[in-house]
Ligand code: 6A9
């Protein structure tokens, strides 16, 4: 990638608003234009443009009449009998390879995707089917898996204005046609283009000996062109079934049950090629198969062929492998092939999960007085106000982001994203900057960013209605500032507390090195948005130091999450982590003040870096005040840990201590340095096997807490990788600076790092998936399957330096 070119473009862009993508060079935008940006489906390519061309893939084994309707794969689902799926190698600039191990259908589907000429030459996808050795023989595969019948559907749809048309290349016939299918199209953003679905030689098709064939043998490719409402295009599976039903009904009418043609013939869409905003293409195969989809804009001199595609796939994988060793190579004791493979898979799924989302979202801007949350009992009043339901659709918004999980949460989550970007920034800092920009562009005039981005009908279809509404007074941890801090570390502007690879491993090269001028130009544009966001948190999530009998503090830096219920603080991201009972408007939250400390320090350094000296001084003061108040307001001398605070029946300020992630938050966010008087107690708590330490990582709640493992047990014992990453990284910081606890931190670092990697690795080997959280007793992956979001941080943990110690090191403590 041409950084100099990029920097120049950024500088020339001058004072344009941050939302102006011209801050990124044309070549950079070109190389990111297309991608499998529909991570909620197994394979769906679209451009990073609103209302444009959208494509998708579906398939099913078609050997008996009963199971077909249950076996059509399209959207990623958790319980479809997959023996793992996802990207084995993926780079958003060039492409990669994905395999879907579809045990239920007895077939492995490979979907390779590459861009030609850095995106300017269009793209190609190769779809390959390989019957699995463990496939059950079906009615149509007496000859073994080599005769297994599979139907594959690929579709292309045009969402906005524009056209799509199927040429009758080989003379489309009523009973299907052979040869390539060519779709020509045009739209404002894409210009003229051609999409070819090839019919290469070498794949076999079922023989057709059945009398149901009319005058001519049935061909193997069918094209149904239709006009559907643009908001319904994503419902391709329902559209497919509707199209097949017409064929099936006709067969049923003409034949008795005994004389029906076989399922691989009955289950065909209608063959009606022509004009429409959607074209559904079906192919039926016997045994292994392969075909290509080639997209070519009319601007290319020479249209890429299947041959070019094959070569490009090899080249992409090769350069991915090379770059991986530069950017994210696992370090001792994980410097072996098996951990490299594991690391590549997790990282590819994180980065291959990046999506482009566009559409309106439900927001409640009623600003109901109850939402002020100033009365006791506020949580019941706000529940009532929410039930009155004054939400409206707003937008459209667009968002370029990675996601926590393709099958279950295929959309943007604010605080998850900051964690996702930590490995991504090591791979491609500018891609990371594009994503950060995209998030800040969803911010409203007040400085609020919606916590969960459920954009458009397709995204909303996955979310129960009561979870859809976003509230403009609700926050979520400002983790994007952690990423900005990491970027500053990359350009050497400061020692990032959020560990960035080459800070230590000075020999890293390539894209992982960010160009300081480019980063500076970009930050200058983003800066007003960052300030607005920071002030929004301070203004809306303030904690009350005045109304209750609390010592008079000189600074007002105290914070409380808005939007809590009696059981949850979803806005904190730690959902059911135990808090004060009952809820009280006088609460002060340890995790929030810690995040604010991280945010203040980050914006301080940014202001410094871009030459806003006055601001820098002001932010430094806020940052210091927060650090002081973390100790003054939240350290409990009795419990020797950091605690939330609330107000008791006598209006006295009291601590509410539940040892666990919340009580070590100041440490995790870099506010407890090597010289802190509290560091020893924090480390002791983390290292104690009867409290937070487990053989599989740091527990969310102490084993000694009365609520350990109770109720939903979501954040009340399980091991979460995002929090563990922060612990590992702060242990590393302490271990590499002079101080009284350096040795202990070093030992803990080595042991924790090993425990985490081995836990995620073992579970991945056994199940084929990364999981949302891990069981502290057994190490088993739990809750959401294929959680390739922050669990992928284990990639970064492996890439961190291996300090002395390791197995058994914890015993020395
Ligand atoms: C509920 C049900 C298909 C919960 O990873 C995303 C978030 C985290 O930000 C948060 O910290 N997860 C964690 O406690 C998952 C949240 C899913 C909410 C959607 C709707 C969907 O049904």
Selection from the stretch 642-682 of residues more than 17 Å from residue 559 (Cα to Cα) and assigned to a strand (DSSP E or B) yields 652, 660
Helices (runs of 4 or more DSSP H) lying entirely in the stretch 714-813 (those with 1 or more residues that are touching a helix residue (DSSP H, G or I) at 6+ places or on another chain (Cβ under 9 Å), at pLDDT below 95 and buried (at least 21 other Cβ atoms within 10 Å of the Cβ)): none
Looking only at the stretch 585-610, count every residue that is in a helix (DSSP H, G or I) and closer than 25 Å to residue 652 by Cα and tell me the total. 6
Regarding the stretch 726-746, can at least one residue be identified that is within 16 Å of the ligand (Cβ to nearest atom) and in contact (Cβ under 8 Å) with a residue 40 or more places away in the chain? yes
Note on residue 150: of the conditions (1) in contact with a strand residue (DSSP E or B) (Cβ under 8 Å, 6 or more places away or on another chain); (2) more than 20 Å from residue 219 (Cβ to Cβ), unmet is (2)
What number of residues within the stretch 465-497 satisfy the criterion of being more than 18 Å from residue 565 (Cα to Cα), more than 11 Å from the ligand (Cβ to nearest atom) and either touching a residue at least 24 places away in the same chain (Cβ under 8 Å) or surrounded by fewer than 20 Cβ atoms within 10 Å (Cβ to Cβ) (or both)? 17
Go through the stretch 557-584 and give me each residue that's touching a strand residue (DSSP E or B) at 6+ places or on another chain (Cβ under 7 Å), more than 16 Å from the ligand (Cβ to nearest atom) and in a loop (DSSP other than H, G, I, E, B). 558, 560, 580, 584
Selection within the stretch 774-795 - away from the ligand (no atom under 16 Å from the Cβ) and on the phi > 0 side of the Ramachandran plot: 779
Only one of 462, 392 is surrounded by fewer than 22 Cβ atoms within 10 Å (Cβ to Cβ), without any contact (Cβ under 8 Å) to a residue 60 or more places away in the chain and either more than 13 Å from the ligand (Cβ to nearest atom) or in a loop (DSSP other than H, G, I, E, B) (or both). Can you tell me which? 392
If you take the residues in the stretch 447-459 that are in a loop (DSSP other than H, G, I, E, B) and touching a helix residue (DSSP H, G or I) at 6+ places or on another chain (Cβ under 9 Å), which one is farthest from the ligand (Cβ to nearest atom)? 447
Only listed residue being out of contact with any strand residue (DSSP E or B) (no Cβ under 6 Å at 6 or more places or on another chain), modelled with pLDDT of 95 or more and surrounded by fewer than 23 Cβ atoms within 10 Å (Cβ to Cβ), chosen from 8, 12, 49, 32: 49
Test: residue in the stretch 370-379 that is over 28 Å from residue 44 (Cα atoms), within 16 Å of the ligand (Cβ to nearest atom) and either within 12 Å of the chain's Cα centre (by Cα) or in a helix (DSSP H, G or I) (or both): no
Within the stretch 64-76, is even one residue outside any strand (DSSP E or B), within 22 Å of the chain's Cα centre (by Cα), under 27 Å from residue 161 (Cβ atoms) and assigned by TED's automatic domain parsing to the domain that holds residue 285? yes
I'd like the full set of residues that are in a loop (DSSP other than H, G, I, E, B) and touching a strand residue (DSSP E or B) at 6+ places or on another chain (Cβ under 8 Å), limited to the stretch 692-703. 692, 696, 700, 702
Matching entry among 575, 566 (being touching a helix residue (DSSP H, G or I) at 6+ places or on another chain (Cβ under 9 Å), under 27 Å from residue 469 (Cβ atoms) and surrounded by fewer than 24 Cβ atoms within 10 Å (Cβ to Cβ)): 566
Can you tell me which residue is nearest to the ligand (Cβ to nearest atom) among those in the stretch 419-440 that are within 10 Å of the chain's Cα centre (by Cα) and under 30 Å from residue 26 (Cβ atoms)? 420
Residue count for the stretch 103-151, restricted to those that are crowded, with 20+ Cβ neighbours inside 10 Å, in contact (Cβ under 8 Å) with a residue 60 or more places away in the chain and closer than 25 Å to residue 244 by Cβ: 11
Can you work out which of the residues in the stretch 611-638 that are part of a loop (DSSP other than H, G, I, E, B) and without any contact (Cβ under 8 Å) to a residue 24 or more places away in the chain is surrounded by the most Cβ atoms within 10 Å (Cβ to Cβ)? 611
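The values are calculated or read from the model by the stated rules, or taken from the named source; none is laboratory data. As the structure is a computational prediction, the values presented were derived from the model and not from experiment. Neighbour counts run over all protein chains shown; Cβ positions are idealised from the backbone, glycine included.
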